[in-house]
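Asker: Below is a structure I'd like to ask you about.
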Amino acid sequence: MSRRTPSLVRCLTVLALSALVAPPLVAAEATATPVVDARPSGTSVATSTLDAVDTYSGLTFVVPAGRNDLGQPQTCTIDADLYKPHSASRTNRVPAILTTNGFGGSKADQAGLGAAFAKRGYAVLSYTGLGFPDSGCKISLDDPGVDGVAASSLVSFLGGAGTAAYTSSVVGGRTGGAGSVAADFTVLDNAKSHDPRLGMIGGSYGGQIQFATAAVDSRVDTLVPLITWNDLRYSLAPNNTSFTSGVTYAGSNPGTEKLGWAGLFFGVGILDGLQGAAIDPTRNVGCPNFVAEACAAKATLDTLGYPTASTLRLTDRVSVGHYIDQVKVPTFLIHGENDTLFNLQEATATYRSLKARGVPVTMAWQSWGHSGGTGTNTGAAPGELDLTGEHIEDTYLGLRIKNWFDHHLKGSTVSTGPAFAYFRDWVPYTGTAAPAYASASSYPVGTRSSWYLSAADQLVPSRSAILPGSTSWSNPGLGVPASYTEVSGLEGQVDLPDNLTVPFDTPGTFGAWTTPALTGPLTVVGAPTLDVRFESPTVALTQAAGPSGQLQVFAKLYDVAPDGSITLVHKLISPIRVADVTQPVHIELPAVVHRVEAGHRLRLVLASTDAAYKNAYAVQPVTVRAAPTAPATLSLPVVP
């Protein structure tokens, strides 16, 4: 059974890698020229500028995949396509790449990537992840014990273990029917353990599976995850305070449900289950197309608005932030500046954790993410990334990814680029996006600049300029939103009415503090922080009852132009649930790359609600005081 994800769903999710890159390009064919691999195996590795590609479609694997909802061992059917350099053979072996789809996608999303890297001397196996037709079993959220174990069997296949049946092929330019194929043309680091020289690449859901696989299978050599999560508790129910490590917050002070994204995930997953019922009808029994814990977690979030201990047990198990010590291979993290689903803090948390453990890691912040792009509505900026054709080398990230694989899989001495790089949308260029990227030897970059909350709703640059005063507001109650920032999953993907694209805050439901007009440009790169104390006698009486009685705040930074128009950079905000309003609070605001031009002003807003999140049911009046002796401080990471 063949199937394409509905175009609307693909547009909404924007999770499949190929849906986010430039249109496919046609590549000419050429004969491969082998080079000698510098690794100890001494195997000749085929490489070329552009090789011809043999394609085997509809490969079927039946693999062990951990345990099902009943705790019983399960096997799952996996649908895949294999892209092989035509010149690759037992005597002219090539390294391998394993890739899979983003949420709601399929193996077809990586067709361009598979052919592109096969032309460049790699055997690429693209497969449809579990729970997405035409693969079987339920969606397990990239669980290492399920999805990682299943992917491990595909690693074995690429290492020469057995054969796989396919439904059709194109070999040497000739179309053929069904047959079977063995991967007897890959570089082997260890033939006995079917250990291929292998890297992984993919975006979002296809990014997290790389960590899940590397955690259970030491044969994986390198990873290139794009726009994926560090901790799913933070992704779907963020709290930007009370961090215990990375973006993992204390279970006693949980986050706030991200309504739009959580609902979209389940809608897409259930639809995939219905469309794939013929492949595996059991996926729709009980919790439809999700493991039972996922349905229980969604019900909890919808009812309470925050995760409980049982939900956190699930998100911890499927989040690299909680098994990072098992990931030990070189990793090139690529994350999106325009992403309200998995923001830049998630990549930063993974980067820091890998680096602290001595794992080789680099990080790039690209223009685009789940919430759209900078150069085009849904994709990469011009010259930034193309993994679908002959011009990989003509794009900044495409070349870096190719060089990364060449270095780690072919033993090439080519540079893998800077340890940290970030896209600047205010830098003009033509051709490759390289001029728009700034580089650094590590993250974080720059210095911190402090601004202080003052009376008259001002942000002032020195403590001596602080005027005593206070600002008060309240939410409407009953869970009603009074502020709007974004429509999760729709931003940048479909045409929305103007009145649904401009952020707003209803007077009386937020506090705001604004700088004077800047005399020169201010460039922010990284996550601002806010140290503040809230006063709320009402909440002080209810917070002991638990999260439902704790204060909710939504922090954000606006760029205010001279004409008064406002920009909320990439619609990013930081939801806060305050554990104790009698104590100071340290808040991490969204990491951004943004230039505030001379003449503009920067505005800090603390709102009581947001339409994209679950809001407090009880009315929560709150006050923030400005005082020179105990200033509330906004710290900005700035670069020259």
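Asker: Output the number of residues of the range 231-274 satisfying the condition of being crowded, with 20+ Cβ neighbours inside 10 Å and part of a strand (DSSP E or B).
Answerer: Going through the range 231-274 one residue at a time, the tally reaches 3.
Asker: Sticking with this one: Going residue by residue through the range 110-127, is there one that turns out to be closer than 25 Å to THR315 by Cβ, outside any helix (DSSP H, G or I) and touching an Asp or Glu at 6+ places or on another chain (Cβ under 8 Å)?
Answerer: yes
Asker: Select from the range 403-441 the residues that are under 21 Å from PRO360 (Cβ atoms) and either among the aromatic types (Phe, Trp, Tyr) or part of a strand (DSSP E or B) (or both) and list them in ascending order.
Answerer: TRP404, PHE405, PHE420, ALA421, TYR422, TYR437, SER439, ALA440
Asker: Can you tell me which residue within the range 348-362, out of those that are in a loop (DSSP other than H, G, I, E, B) and touching a residue at least 24 places away in the same chain (Cβ under 8 Å), is surrounded by the fewest Cβ atoms within 10 Å (Cβ to Cβ)?
Answerer: ARG357
Asker: Residues that are β-branched (Val, Ile, Thr), more than 20 Å from ASP280 (Cβ to Cβ) and in a helix (DSSP H, G or I): does the range 137-158 have at least one?
Answerer: yes
Asker: OK, next. Of everything in the range 215-234, what is in contact with a Leu (Cβ under 9 Å, 6 or more places away or on another chain) and within 21 Å of PHE342 (Cα to Cα)? Give them in sequence order.
Answerer: LEU223, VAL224, PRO225, LEU226, ILE227, THR228, TRP229, LEU232, ARG233 - these are the residues of the range 215-234 that are in contact with a Leu (Cβ under 9 Å, 6 or more places away or on another chain) and within 21 Å of PHE342 (Cα to Cα).
Asker: How do the pairs read when you match residues in the range 614-625 that are modelled with pLDDT of 95 or more with residues anywhere that are among the acidic types (Asp, Glu) and surrounded by 23 or more Cβ atoms within 10 Å (Cβ to Cβ), using Cβ under 7 Å and keeping only pairs 6 or more apart or on different chains?
Answerer: Filtered contacts from the range 614-625: LYS614/GLU257.
Asker: With respect to VAL639, is the statement that it is closer than 28 Å to THR542 by Cβ and buried (at least 18 other Cβ atoms within 10 Å of the Cβ) true? Step through it out loud before you land on a result.
Answerer: Values: closer than 28 Å to THR542 by Cβ: no; buried (at least 18 other Cβ atoms within 10 Å of the Cβ): yes.
Taking the combined requirement at face value, the residue does not satisfy it.
Asker: Further question: Residues in the range 47-100 that are among the β-branched types (Val, Ile, Thr) and at pLDDT below 95: how many?
Answerer: Total meeting the criteria: 2.
Asker: Can you find a residue that is of a type in the set (A, V, I, L, M, F, W, C) and surrounded by fewer than 17 Cβ atoms within 10 Å (Cβ to Cβ) anywhere in the range 284-293?
Answerer: Scanning the range 284-293 turns up at least one residue that is of a type in the set (A, V, I, L, M, F, W, C) and surrounded by fewer than 17 Cβ atoms within 10 Å (Cβ to Cβ).
Asker: Identify, from the list GLN366, GLN326, GLN345, the residue that is surrounded by fewer than 19 Cβ atoms within 10 Å (Cβ to Cβ) and of a type in the set (S, T, N, Q).
Answerer: Working: GLN366 fails: surrounded by fewer than 19 Cβ atoms within 10 Å (Cβ to Cβ); GLN345 fails: surrounded by fewer than 19 Cβ atoms within 10 Å (Cβ to Cβ).
Matching residue, one of GLN366, GLN326, GLN345: GLN326.
Asker: Across the range 552-582, what is the number of residues that are without any contact (Cβ under 8 Å) to a residue 12 or more places away in the chain and acidic (Asp, Glu)?
Answerer: 1
Asker: May I ask you to list the residues in the range 168-200 that are hydrophobic (A, V, I, L, M, F, W, C) and in contact with a helix residue (DSSP H, G or I) (Cβ under 7 Å, 6 or more places away or on another chain)?
Answerer: ALA183, LEU198, MET200
Asker: Within the range 502-522, restricting attention to residues that are of a type in the set (S, T, N, Q) and assigned to a loop (DSSP other than H, G, I, E, B), which residue is surrounded by the most Cβ atoms within 10 Å (Cβ to Cβ)? Please lay out each step first, then the result.
Answerer: Keep residues of the range 502-522 that are of a type in the set (S, T, N, Q), which gives 506, 509, 514-515, 519.
From what's left, assigned to a loop (DSSP other than H, G, I, E, B): 506, 509, 515, 519.
Numbers: THR506: 17, THR509: 17, THR515: 19, THR519: 8.
It comes out as THR515.
Asker: Here's something else I'd like to know. Can you confirm whether the range 555-562 contains a residue that is modelled with pLDDT under 95 and over 24 Å from the mean Cα position of the chain (by Cα)?
Answerer: No, that holds for no residue.
Asker: Another question, if that's okay. What is the residue count in the range 46-76 for residues that are touching a residue at least 40 places away in the same chain (Cβ under 8 Å) and closer than 20 Å to SER135 by Cα?
Answerer: Step one: filter the range 46-76 for residues touching a residue at least 40 places away in the same chain (Cβ under 8 Å), giving 46-61, 63-69, 74, 76.
Applying the additional criterion that residues be closer than 20 Å to SER135 by Cα yields 55-61, 63-69, 74, 76.
Of the residues in that region, 16 qualify.
Asker: Looking at SER635, is it hydroxyl-bearing (Ser, Thr, Tyr), without any contact (Cβ under 8 Å) to a residue 60 or more places away in the chain and more than 26 Å from GLY263 (Cβ to Cβ)?
Answerer: Working: hydroxyl-bearing (Ser, Thr, Tyr): yes; without any contact (Cβ under 8 Å) to a residue 60 or more places away in the chain: no; more than 26 Å from GLY263 (Cβ to Cβ): yes.
Here the answer is no, as SER635 does not meet what is asked.
Asker: Against the condition assigned by TED's automatic domain parsing to the domain that holds LEU568, modelled with pLDDT of 95 or more and farther than 30 Å from ALA123 by Cβ, how does TRP365 come out, does it pass? Show your work before the answer.
Answerer: Working: assigned by TED's automatic domain parsing to the domain that holds LEU568: no; modelled with pLDDT of 95 or more: yes; farther than 30 Å from ALA123 by Cβ: yes.
In short, no.
Asker: Test VAL149 against the stated conditions and say whether it is surrounded by fewer than 24 Cβ atoms within 10 Å (Cβ to Cβ), among the β-branched types (Val, Ile, Thr), in the same structural domain as ASP280 (by TED's automatic domain parsing) and under 17 Å from ILE209 (Cα atoms).
Answerer: yes
Asker: Given VAL539, VAL525, which one is modelled with pLDDT of 95 or more, outside any strand (DSSP E or B) and crowded, with 18+ Cβ neighbours inside 10 Å?
Answerer: VAL539 is the lone residue from the list that is modelled with pLDDT of 95 or more, outside any strand (DSSP E or B) and crowded, with 18+ Cβ neighbours inside 10 Å.
Asker: Please determine whether any residue of the range 308-320 is over 21 Å from ASP69 (Cβ atoms), touching a residue at least 24 places away in the same chain (Cβ under 8 Å), crowded, with 17+ Cβ neighbours inside 10 Å and under 20 Å from the mean Cα position of the chain (by Cα).
Answerer: Residues of the range 308-320 over 21 Å from ASP69 (Cβ atoms): 320.
This time we only want the ones that are touching a residue at least 24 places away in the same chain (Cβ under 8 Å), so: 320.
Applying the additional criterion that residues be crowded, with 17+ Cβ neighbours inside 10 Å yields 320.
Filter again for under 20 Å from the mean Cα position of the chain (by Cα), leaving 320.
Yes: one or more hits.
Asker: With respect to the numbered conditions (1) touching a Ser or Thr at 6+ places or on another chain (Cβ under 7 Å); (2) surrounded by 16 or more Cβ atoms within 10 Å (Cβ to Cβ); (3) in a helix (DSSP H, G or I), which one is the sole condition not fulfilled by ALA555?
Answerer: Just one mismatch for ALA555, condition (3).
Asker: Give the residues of the range 197-230 that are assigned to a helix (DSSP H, G or I) and not aromatic (Phe, Trp, Tyr), sorted by residue number.
Answerer: Narrowing the range 197-230 to residues assigned to a helix (DSSP H, G or I): 205-216.
Once the filter is applied, which keeps residues that are assigned to a helix (DSSP H, G or I) and not aromatic (Phe, Trp, Tyr), the range 197-230 yields GLY206, GLY207, GLN208, ILE209, GLN210, ALA212, THR213, ALA214, ALA215, VAL216.
The values are calculated or read from the model by the stated rules, or taken from the named source; none is laboratory data. Since the model is a prediction, treat every value here as computed from it, not as a measurement. Please note: Cβ atoms are built from the backbone with ideal geometry, for glycine as well, and neighbour counts cover all protein chains shown.
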